[in-house]
Amino acid sequence: MLDEILRKLLSGEIDVDEAKRAIRMFEYEEAGELAKVDVGRIVRTGVPEAVLAEGKDANTIVEISKRLIEKNGKVIITRISGNKMNEVCLNFKKMKLNVLKHEKAKMVVVKKREDMKKGGKVGILCAGTSDVAVAEEARITAEEMGCDVVCAYDVGVAGIHRLFPSLSSMLSEGVDVMIVVAGREGTLPAIVSALVDVPVIGLPVSTGYGMGGRG
């Protein structure tokens, strides 16, 4: 594939900028023998690859994350907690990097510098307090993408009157999109989408019991 890109560049079928974009689509770096890190994803999509901590030991998480920090200036590590979280954070603090530990969301964000705001406002609604950890994961991810975020938690359909003041407040603040987090049968996103004129992203959560099972 690289040969084809270079051939087109030499023949004048594409210019230098097009060749750069095409090459960046295939960028990755190997972290030992375990991982091929997609360091070029931020170029293609505007969003860097996140590191899922589940199933990885602390050393592997650090090695993969270092590649992303070197290329992108930051890394978002998800689904991490306990001793593994503490060990990873300690490693990056020794490197004099800015480490943000989010225990409720089970996330760690490591960066060389503060990000610039990119615009966009996200509203996050959460049905129940059991769903807050997932809502916080969405909040932190959106903020790290440069968005402003407005949140309202515990506004599920079991007491639907709690929803309307938060919904009105978010719309008056001009949110561009809403993320609606709900477990059990996931009714809340459908209700919200019928009431607002902005895109609604339904985020299911594996919480609940009875007919709702595990969400």
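The values are calculated or read from the model by the stated rules, or taken from the named source; none is laboratory data. Please read these numbers as outputs of a predicted model, since none were measured by experiment. Note that each Cβ is placed from the backbone with ideal geometry, even for glycine, and that neighbours are counted across all protein chains shown.
Residues checked against (1) free of Cβ contacts under 8 Å to residues at least 40 places away in the same chain; (2) within 30 Å of LEU100 (Cβ to Cβ); (3) part of a helix (DSSP H, G or I):
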| site | (1), (2), (3) |
| --- | --- |
| GLY119 | yes, yes, no |
| ALA135 | no, yes, yes |
| ALA138 | no, yes, yes |
| THR141 | no, yes, yes |
| ALA158 | yes, no, yes |
| SER169 | yes, yes, yes |
| VAL180 | no, yes, no |
| ILE191 | yes, no, yes |
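Can you tell me which of LYS101, LYS106 is without any contact (Cβ under 8 Å) to a residue 24 or more places away in the chain and in the same structural domain as ILE61 (by TED's automatic domain parsing)?
Numbers: LYS106 fails: without any contact (Cβ under 8 Å) to a residue 24 or more places away in the chain.
LYS101 is the lone residue from the list that is without any contact (Cβ under 8 Å) to a residue 24 or more places away in the chain and in the same structural domain as ILE61 (by TED's automatic domain parsing).
Could you list, in sequence order, the residues of the range 63-112 that are small (Gly, Ala, Ser) and either in a strand (DSSP E or B) or surrounded by fewer than 19 Cβ atoms within 10 Å (Cβ to Cβ) (or both)? Break it down stepwise before answering.
Of the residues in the range 63-112, the ones small (Gly, Ala, Ser) are 65, 73, 81-82, 105.
If the condition is that a residue be small (Gly, Ala, Ser) and either in a strand (DSSP E or B) or surrounded by fewer than 19 Cβ atoms within 10 Å (Cβ to Cβ) (or both), then GLY73, SER81, GLY82 are the ones that fit.
Go through the range 59-80 and report how many residues are at pLDDT 95 or above and out of contact with any strand residue (DSSP E or B) (no Cβ under 7 Å at 6 or more places or on another chain).
Count: 0.
Suppose the filter is in contact with a Gly (Cβ under 6 Å, 6 or more places away or on another chain) and among the small types (Gly, Ala, Ser); does GLY119 pass it?
Numbers: in contact with a Gly (Cβ under 6 Å, 6 or more places away or on another chain): no; among the small types (Gly, Ala, Ser): yes.
No: the conditions fail for GLY119.
Among the numbered criteria (1) touching a helix residue (DSSP H, G or I) at 6+ places or on another chain (Cβ under 7 Å); (2) assigned to a helix (DSSP H, G or I); (3) more than 30 Å from GLU63 (Cβ to Cβ); (4) of a type outside the set (Lys, Arg), which single criterion is violated by CYS151?
So CYS151 meets the others, but not (2).
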